[in-house]
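The values are calculated or read from the model by the stated rules, or taken from the named source; none is laboratory data. Keep in mind that what you see is a predicted model, and the values were worked out from it rather than measured. Here the Cβ is made from the backbone with ideal geometry for all residues, glycine too, and neighbour counts use every protein chain on show. Heavy atoms of the whole protein, side chains included, go into the accessibility calculation; ligands, DNA and RNA do not. Shrake-Rupley method; radii C 1.70, N 1.55, O 1.52, S 1.80 Å.
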Amino acid sequence: MKNVKLPLVIFLYVITFLVSGCNSMITNNTPSQIPQNGSETYTIAMSINPNGTYFIPNSCSAHIVIDGEIHRMDKNSDFEYSYDYARSADQHKVNYYYEIDYKKKVSGNIREKSQRSKLYGLTIINRYVIGFESNRGVPGSRGTLLGRSFEKGDYVEIGGVPCETTFVSPNSLSFVVPILSHGNRHHAKLVSDNGDIGLGVFHIDRVSFHSNLSSISLESGEKQVLVVSINFDAPQEGIAIDVTTNIPDSIIMKDVFIPAGARSASVVIQGGIEGSGMLYLAAEGFEELKIPVEVISSNEGTNATIDDGISDD
């Protein structure tokens, strides 16, 4: 049979249960969560409920065991005890239990007795969120989250998408609004190793493409350069722009893609057969850009190929 090593907390809990039984004299008067205070000192208190008439008054002493360390408790009244716990700066949760020693008269004899409480946990709440400075914005804009006890590595998530987040101070985080469907309210949260915190909803406003051409006029076979730009750096995955037209035989062009970190991309447009219509550029989170197009006939024909010499900016 293999030797099994129980974690310390589980071992203490098992021993506590066996010792204390079901008829405990000890009542814990300490909440499981206490807000952080400036002195970093927290009062842990309990009371004793004597069972029967054989308990000898003023015979009791009490100790508290915090994470394996024993501390004597102060007596506040006949059956009430407390201990002021000074926590370490990086300690958010402690486990503890109580031990009492007392005397009891049994069959005319005085006997020394002891009892141990069950295991308790205390969490120091030292972080909270005040909220966004503004709970709406356009993709690529910067927002600010205010609160307390932020740490490096904490980040904002909106609509299930992690935001590029900068740790400014323990009271402030700066984040970039992600590209999501405009006009929608997206659930947001703070993601942290110390536990996630819900932030309510964040509203994504519309953002637009810009182009160097307000309209396009070409002869068949003629080429022009279309530059599509945005007002912020493209995210890590870049921005793929869906290009469609109602005159597909009149326009010859490649796809448009703004790479990560860039703010624009260039594409060559070549005239095809004669026609007039619209060029539509769209992407998730962006307002559709519409550009009028007119292609007129040319004696040179439309057999030229697109020049690849122009690269993305």
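Kindly provide the pair-distance distribution of the stretch 111-181 built from C-alpha pairs, with 5 Å bins from 0 and whole-percent values in order of increasing distance.
For the stretch 111-181, the pair-distance distribution reads 3, 14, 21, 17, 11, 6, 4, 4, 4, 4, 3, 3, 2, 1, 1, 0.
Taking a 27 Å limit on the Cα-Cα distance, which of the listed pairs LYS75/LYS113; LYS75/LYS103; LYS118/LYS152; LYS189/LYS290 fall beyond it? Walk me through the intermediate numbers first.
On the way: LYS75/LYS113 18 Å; LYS75/LYS103 16 Å; LYS118/LYS152 36 Å; LYS189/LYS290 36 Å.
Result: LYS118/LYS152; LYS189/LYS290 exceed 27 Å.
Using Cα atoms only, what is the angle between the long axis of helix 8-20 and the major principal axis of the chain, expressed in degrees (0 to 90) to the nearest 10?
40
For LYS93, list the aspartates and glutamates whose Cα falls under 19 Å from its own Cα; do not include residues on the same chain fewer than 8 positions away.
List returned: GLU40, ASP67, GLU69, ASP84, GLU151, ASP193, ASP196.
Which log10 I(q)/I(0) values, to two decimals, does the stretch 123-232 give at q = 0.11 Å⁻¹ under the Debye formula with one point per Cα?
Each listed q corresponds, in turn, to -0.44.
Binning at 10 Å from 0, report for the chain what percent of all alpha-carbon pair distances ends up in each bin.
5, 18, 16, 13, 12, 10, 8, 7, 6, 3, 1, 0, 0
Along the charge dipole of the chain, which of VAL191, GLY68, ILE26 sits closest to the positive end, that is, farthest toward it, with unit charges on the beta carbon of Lys, Arg, Asp and Glu (+1, +1, -1, -1)?
ILE26
Have a look at the stretch 41-177 and give its Rg and Dmax from the Cα atoms, expressed in angstrom.
Both quantities, over Cα of the stretch 41-177: 24.7, 82 Å.
Within the chain, what whole-number % of the accessible surface is contributed by carbon and sulfur, with the 1.4 Å probe and all protein chains included in the calculation?
Details: 8430 of 17650 Å².
Carbon-and-sulfur percentage of accessible area, whole number: 48.
Per residue, how much accessible area does the stretch 185-249 have with a 1.4 Å probe, in Å²? Could you put the intermediate results ahead of the total?
Details: 3450 Å² over 65 residues.
That works out to 53 Å² for each residue.
For the chain, what does -39500 (n - 2.57) per DSSP helix run (n ≥ 4), summed and divided by total residues, give at 222 nm, in deg cm²/dmol to the nearest 500? Please list the in-between numbers first.
Details: 1 runs with 13 residues, N = 313.
Helix-only estimate at 222 nm: -1500 deg cm²/dmol.
Along the charge dipole of the chain, pointing to its positive end and built from +1/-1 on Cβ of Lys, Arg, Asp and Glu, which listed residue (VAL207, GLN91, MET46) has its Cα farthest out?
MET46
On average, how much accessible surface per residue is there in the stretch 51-160, in Å², for a 1.4 Å probe, leaving out ligands, DNA and RNA? Please report the intermediate quantities before stating the final value.
Details: 6180 Å² over 110 residues.
Per residue, the stretch 51-160 has 56 Å² of solvent-accessible surface.
Å³ per residue of the Cα convex hull, for the stretch 168-215? Let's see the in-between values first.
Numbers: hull volume 5.7 nm³, N = 48.
Residue-normalised Cα hull volume stands at 119 Å³.
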